[in-house]
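Worksheet: the structure to be examined is printed underneath.
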Amino acid sequence: MRTIFVLGPAGSGKTTLTHKFGKYLEEAGFKVTYINLDAAVEHLSYEPDFDIRNYVTVTKLMSEHEIGPNTALIKSVEIMAKYKEELVKFFSNAELIYDYAIVDTPGQLELVLFHESAVEIIKTVKGRACGIFLIPTDLLKTIRDLAFLKLLALAVRYRLDIPLVTVLSKADLAREMKLEITEEDFYSLALDGVEMDLTTELWSVLRKLEKRQRIIKVSSVTGEGFDDLHTILYEIYCTCGDLT
Ligand code: GTP
């Protein structure tokens, strides 16, 4: 079974992609199981086979402990880790039945990245897991946004230590979006006040990324990019790992 963690900033389209890409895989003849790890979500467009809200919800934590939403979100991730064994059990049963497990992660990306408990959960399936990192079109207005989000995707990959496909989500909202950064583009940012030394260092990282990391445009509304996404995921599992 191939386990795909759907990651991204709040509102980037994780839940919708989980649902629509899952359906796409099912229509292609694959057996897909859906996992929800977002304890704060109220409505899901798909029916999860494993739902963390059966163990913990942010709303309940807020009222039981009289705490605010942010503290409750952090607490929910800590509690989630206590149910790791349930998830491990679920994965080992699902292994025998399904081709793909799609995991919808918490709305706030920082919950996944900053808290060891969330990383621990991903480690339970590491080796068979990969991630889809969503960069929503709405966040991309300038080359600096694009450069920042590409570097963030790299940091996410480093943090979680799983192969990661970077996807521009909601592509139907901006079909003509430029996805490559040239040296000229990047150095023009230095004129805006970014230190030249930092620009030089970052460009050396980005230049390598530009050569190796293909970003694909995906829309969960039109299904654009799903074929490409499927091909890249297939390649990852076939070649054992390198996502570039
Ligand atoms: P949180 O878990 O709350 O952080 O959100 P999320 O990342 O799961 O995003 P979600 O799937 O809830 O989508 C957020 C909003 O974007 C919703 O209004 C979706 O209908 C919309 N949306 C998601 N995918 C697409 C897409 O491909 N195209 C367009 N136009 N809208 C989309």
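Laboratory data are not the source of any read-out in this text; all were calculated from the coordinates shown. As the structure is a computational prediction, the values presented were derived from the model and not from experiment. Heads up, the Cβs are rebuilt from the backbone with ideal geometry, glycines too, and the neighbour counts pull from every protein chain shown.
Some observations on this one:
- At q = 0.15, 0.19 Å⁻¹, base-10 log of I(q)/I(0) for segment 1-142 (Debye sum, equal scatterers on each alpha carbon): -0.73, -1.15
- Relative contact order (%) - criterion: Cα under 8 Å, at least six apart; region: the chain: 24 percent
- Relative to the compact-globule estimate of 2.2 N^0.38 Å, the Cα radius of gyration of segment 139-244 comes out at 1.14.
- For segment 9-21, backbone phi angles converted through the Karplus equation (6.51, -1.76, 1.60; θ = phi - 60°) give residue-by-residue couplings of x, 3, x, 7, x, 4, 5, 5, 5, 3, 5, 6, 6 Hz, Gly and Pro being listed as x.
- Net charge, GLU95 excluded, C-beta distance under 12 Å - Lys, Arg +1, Asp, Glu -1: +3
- Rounded to the nearest 20 debye, the dipole size of segment 1-72 about its Cα centre is 280 debye, using +1 on the Cβ of Lys and Arg and -1 on the Cβ of Asp and Glu.
- Segment 11-91 has equivalent-ellipsoid semi-axes of 27, 15, 9 Å, by the square roots of 5 times the alpha carbon gyration tensor eigenvalues, sorted largest first.
- When restricted to Cα atoms, the chain yields an Rg and a Dmax of 18.4, 56 Å, respectively.
- Local net charge near THR18, Cβ-Cβ under 13 Å (Lys/Arg +1, Asp/Glu -1): -3
- Extension gain for the segment THR222 to HIS65, taken as residue separation times 0.36 nm less the Cα-Cα distance, is 52.3 nm to one decimal.
- Length added when fully stretched, THR200-THR142, from 0.36 nm per residue minus Cα-Cα: 19.0 nm
- Charge context of VAL56, other residues only, Cβ under 12 angstrom, K/R +1, D/E -1: -1
- Segment 95-244, dipole about Cα centre (Lys/Arg Cβ +1, Asp/Glu Cβ -1), debye to the nearest 20: 180 debye
- Segment 1-46: Rg to Rh, with Rh as the Kirkwood radius over Cα pairs: 0.96
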